[in-house]
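A short write-up of the structure that comes next.
The values are calculated or read from the model by the stated rules, or taken from the named source; none is laboratory data. Worth saying up front: this structure is predicted, and the values here are computed from it rather than measured. Positions of Cβ are generated from backbone atoms using ideal geometry, with glycine treated the same way; all protein chains shown enter the neighbour counts. All accessible areas refer to the heavy atoms of the entire protein, side chains included, with ligands and DNA or RNA removed. Shrake-Rupley method; radii C 1.70, N 1.55, O 1.52, S 1.80 Å.
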Amino acid sequence: MWKSPSSSSSSYPLNISFFIIHLFLLLLIINQHVVVRVSSQPLYTNSRWIVNSKGQRVKLTCVNWVSHMDVMLAEGLNHQPVDAISKSIINMGFNCVRLTWPLYLFTNDSLSSITVRQSFKNLGLFSSILGLQANNPSIVDLSVLDAYKAVVASLAKNNVMIILDNHISKPGWCCSRFDGNGFFGDEYFDPHLWIQGLTKVAITFKATTNVVGMSLRNELRGPLQNVDDWYRYMQKGAEAVHAANSDVLIILSGLSFDKDLSFLHQRPVNLTFSGKLVFEIHRYGFTDGDTWSADNANQACGEVLNDMVSRGAFVLEQGYPLFVSEFGADQRGTNVNDNRYFNCFLGLAAELDFDWALWTLVGSYYLRDGIVGLNEYYGILDWNWFDIRNSNFLQRISVIQTPFQGPGYAETRPHKVIFHPMTGLCVQRTSLLQPLELGPCSEAEAWSYAPAKALIVLGTYFCLQADNKLGQPAKLSMICSDDSSKWDIISDSKMHLSSKLQDATSVCLDVDPNNVIVTQTCKCLSTNDTTCDPGSQWFKIIDSTRATKTTKSFLQIKPIIHFLARNFFGSYI
């Protein structure tokens, strides 16, 4: 809670718990081998990958920092110094911020020239002004435009990459179909003014090399939306930005609240430049209403993933990077709809290895929906902007903060890892005598998934086999031709790994309370079952060329395994 300057803790020293938590998370990230690589700007595209000037992949793993609301200032500066927030972003494993901005901030001089103090006074936010004075005294009397520049400068100084996102025209909360900000020609969305604003932003930050991309417009929507105008104006906007600053990536959003890029199946974007174009989509649990909690979770997962691929993720196959620039979940952990959605989404995010931006960094808002200090339950930071809201959630997404593959990540030969979205962990082993268990994906077992559907440990003759009793740990065996060693990917979600016991009983991989990999009766397969949660049985087989401890160790011990197999288990080879 905010304290007055006369408090015994005056001068607003950083909360000790803030440092302890972030130190813990930094150590966790290092342990997970999540390396925030310094990119060599500018960035380019190479087919479906974003790469640096050396041709190495730079995966954008961003968090959204809201700066488009009525006050026109990045949220949270009444709670924390801007540099402290910028540092915390890196410490949490993100390498990038999607920083939102309203069009009028750059096109309405009378609006952009008012001071931060006056902007807050106009809205009656006097307590927030005191917090700003204490935490960011150098910002409080800047114009709102210069304050935006100061936030960009802080992020750049702390080596955070920045995507500048034109979120809305008139400052305020986004989005509805009828808010006048949705599509070209709406009350507050003059396409000519929009192009002027894009151009100004591109020029303003041209010298800021950490500004690596510009997202041209957030969530196009509403009754005026149509494909022809999308091509007309998005292409004009892209050309204008590129002409003003040829270094930045150009990020184009789709229709229907950024769910739909399907029109690109028939008609490509026609631009005069290449090597800079990225497409973006959004997806939340609430995007599909209460589907996740009201319907069978496997069925919901299959339907939503098919929709995401057919209307958005297909651009990867067309040779363009995909930036999922908004996704997220209620971090209190009590929202069934969000929990089921996120288990499914995280599996797809690992499988497709796309670039992304989590919604949101924000722990609370200065003012939203008429409420001062509204708590943002999707926020990584807590209401006070000091504490982490849900460290388990942060650990889960750490697995997708490092690429599984791409240019510059051919660290070892192609292999598979078995990923468990509900925990954010992967299948690993400590020895042949101990059961397989879940652990950090940096220590994952490396597998091949043969045409015969056997999961074989890379560099060995050992395969994954179901024990003949339910609830028992799955084991490694050199008998890889039995039904119990064949693993089918089943269910609508395509995330159950199923095998058969000697009596032909079907079983699925599962996880016990100690994170040991076991087999159990496959659950939630009936579409009539809407209350069952299959999360513990959802696994994804992920393509990877990223080295793990096991890929290195098995390459070293393969000759020993071969010797033992040849001399003692010859009949099984």
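A few notes on this one:
- Residue within region 324-334 that is under 16 Å from the mean Cα position of the chain (by Cα) and open to solvent by 40 Å² or more (accessible area, probe 1.4 Å) present: no
- Scanning region 244-292 for residues that are farther than 30 Å from Glu303 by Cβ, in contact with a helix residue (DSSP H, G or I) (Cβ under 8 Å, 6 or more places away or on another chain) and in contact (Cβ under 8 Å) with a residue 40 or more places away in the chain yields Ala244, Asn245, Val248, Lys276.
- Residue list for region 277-314, filter: buried (at least 21 other Cβ atoms within 10 Å of the Cβ), within 30 Å of Met234 (Cα to Cα) and over 16 Å from the mean Cα position of the chain (by Cα): Val304
- Positions within region 175-233 being among the basic types (Lys, Arg) and under 28 Å from the mean Cα position of the chain (by Cα), in sequence order: Arg177, Lys206, Arg217, Arg221
- Strands (runs of 3 or more DSSP E) within region 379-459 that include 1 or more residues out of contact with any Cys (no Cβ under 7 Å at 6 or more places or on another chain) and closer than 30 Å to Gly328 by Cβ: 415-420, 425-428, 437-439
- Hits in region 489-544 (condition: under 19 Å from Ala454 (Cβ atoms), open to solvent by 60 Å² or more (accessible area, probe 1.4 Å) and touching a helix residue (DSSP H, G or I) at 6+ places or on another chain (Cβ under 6 Å)): Lys500
- Of the listed requirements (1) assigned to a helix (DSSP H, G or I); (2) in contact with a Lys or Arg (Cβ under 7 Å, 6 or more places away or on another chain), Ile250 misses just one: (1).
- In summary, Asp353 fulfils each of the numbered conditions (1) of a type outside the set (Gly, Ala, Ser); (2) on the phi < 0 side of the Ramachandran plot; (3) in contact with a helix residue (DSSP H, G or I) (Cβ under 9 Å, 6 or more places away or on another chain); (4) buried (at least 21 other Cβ atoms within 10 Å of the Cβ) with the single exception of condition (2).
Condition check ((1) over 30 Å from Ile50 (Cα atoms); (2) without any contact (Cβ under 8 Å) to a residue 12 or more places away in the chain; (3) touching a Gly at 6+ places or on another chain (Cβ under 6 Å)) across all residues:
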{"residue": "Leu99", "(1), (2), (3)": "no, no, no"}
{"residue": "Thr107", "(1), (2), (3)": "yes, no, yes"}
{"residue": "Ser128", "(1), (2), (3)": "yes, no, no"}
{"residue": "Val144", "(1), (2), (3)": "yes, no, no"}
{"residue": "Ala153", "(1), (2), (3)": "no, no, no"}
{"residue": "Asp165", "(1), (2), (3)": "no, no, no"}
{"residue": "Lys170", "(1), (2), (3)": "yes, no, no"}
{"residue": "Phe178", "(1), (2), (3)": "yes, no, no"}
{"residue": "Pro191", "(1), (2), (3)": "no, no, no"}
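- Inspection of region 157-177 finds no residue satisfying the criterion of being over 30 Å from Gly93 (Cα atoms), open to solvent by less than 10 Å² (accessible area, probe 1.4 Å) and part of a helix (DSSP H, G or I).
- Test: residue in region 38-55 that is at pLDDT below 50 and either in contact with a helix residue (DSSP H, G or I) (Cβ under 9 Å, 6 or more places away or on another chain) or part of a loop (DSSP other than H, G, I, E, B) (or both): yes
- Residues of region 388-411 that are touching a helix residue (DSSP H, G or I) at 6+ places or on another chain (Cβ under 9 Å) and surrounded by fewer than 17 Cβ atoms within 10 Å (Cβ to Cβ): Ser391, Glu411.
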